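Asker: I have a structure I would like to understand better, so I am pasting it below and will then ask my questions one at a time.
The values are calculated or read from the model by the stated rules, or taken from the named source; none is laboratory data. Only a predicted model underlies this, so the values are computations on that prediction, with no experimental measurement involved. Here Cβ is always computed from backbone atoms with ideal geometry, including for glycine, and neighbour counts include all displayed protein chains. These accessible areas exclude ligands, DNA and RNA; they are computed on the full protein's heavy atoms, side chains included. Shrake-Rupley method; radii C 1.70, N 1.55, O 1.52, S 1.80 Å.
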Amino acid sequence: MGGRARRRGARGRRGCGVSGDGAPTPRTPAPAPADPPRADVAVVGAGAAGLCAAIHAARAAPAGARVVVVDGQARPGRKILVSGGGRCNVLPAEDDPSAFHTGGSPHLVRRVLAAFPLDAQAGWFERDLGVPLRVEEETRK
């Protein structure tokens, strides 16, 4: 070991402060975290539903309100891009409640589809968001 003692520095084990004589010293408090960003509405999850919810919330909020989206993924919305085999399949070509499979109530599926019909959904993407849609004739998607 060469006779040279190695000093642990100002902090001892597990972050305790240690004085020159080995006696414990008071721990220096960690700096206070910066104030988190202000948000009037926070949407948790940046998948298709979360991003749609954030868009609707931002449009419905009063002027100056801040809507934030919080997600655990590094690239929010990425899974949307790979839907439909990489072609970003966002809507079915036909409004057919029997094509939707759920462990819940089929009546609920019909009610949800009736509340936001397919032509209104397509209009939301194309008119409101400026996202052109097209139907692939071979798959009808």
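Asker: Over 13 Å, how big is the tail of the calculated P(r) for the stretch 95-138, in percent of all Cα pairs?
Answerer: In whole percent, the long-distance tail amounts to 63.
Asker: How large is the Rg to Rh ratio of the stretch 54-133 when both quantities use alpha carbon positions and Rh follows Kirkwood? All intermediate terms of the calculation are to be shown ahead of the outcome.
Answerer: Working: Rg = 15.4 Å, Rh = 15.3 Å.
Taking Rg over the Kirkwood Rh, I get 1.01.
Asker: Express the carbon and sulfur contribution to the solvent-accessible surface of the stretch 52-113 as a percent, rounded to the nearest whole number, probe 1.4 angstrom.
Answerer: 57
Asker: Could you give the dipole magnitude of the stretch 33-102 about its Cα centre, charging the beta-carbon of Lys and Arg +1 and that of Asp and Glu -1, in debye to the nearest 20?
Answerer: Roughly 320 debye for the stretch 33-102.
Asker: Hey, what do the phi angles of the stretch 71-77 turn into as Karplus ³J(HN,Hα) couplings, whole Hz, using 6.51/-1.76/1.60 and θ = phi - 60°, x for Gly and Pro?
Answerer: Result, rounded to whole Hz: 8, x, 8, 5, 10, x, x.
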